[in-house]
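Contents: one structure, followed by commentary.
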Amino acid sequence: MYLPKAVYCVIIGFASFDIDNKIIYEYSDIKGEPAIVNAKNINAYLVDSENIFIDRRSKPISKVPYEFWKYASRWRGIFIYQR
């Protein structure tokens, strides 16, 4: 049986101006203490990296058969593929 993983994201603050001290808290264990990552830039994917944007695609970037995309089942937005 497939059980989805839980992902929690809490954004403490954001602004239209830049600040020098940006911090990302990463947890290897959700019940443990966080590791503090000092970031230069926090992008839209909430990682310390430059601002990147991924364009919408109508065709897969890998050699996946078209039938996979056409007939794939979804459960809460997650693709379920059975052979």
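We did not get these values from a lab; they are worked out from the coordinates using the rules stated. Everything quoted here is computed from the prediction, not taken from an experiment. Please note: Cβ atoms are built from the backbone with ideal geometry, for glycine as well, and neighbour counts cover all protein chains shown.
Things to note:
- Surrounding net charge for ILE23, when Lys and Arg each add one and Asp and Glu each subtract one, Cβ distance under 13 Å: -1
- 37 °C / 0.692 mPa s Stokes-Einstein diffusion coefficient of the stretch 1-51, Kirkwood radius on C-alpha pairs, µm²/s: 254
- Built amide H within the under 5 Å cut-off of LYS22, gap 5+: ALA39
- Stretching LYS40 away from PHE53 to a fully extended chain increases their span by 2.9 nm, per 0.36 nm per residue minus the current alpha-carbon distance.
- The listed peptides 42-54, 16-28, ordered by packing as a protection proxy, come out as 42-54, 16-28 (highest mean of other Cβ atoms within 10 Å first).
- Residue-by-residue Karplus 3J(HN,Hα) for the stretch 24-37, coefficients 6.51, -1.76, 1.60, Hz, glycine and proline x: 10, 9, 10, 10, 7, 9, 4, 8, x, 8, x, 8, 8, 10
- Near ALA39: Cβ cut-off under 14 Å, other residues only, Lys/Arg at +1 and Asp/Glu at -1. The net charge is -3.
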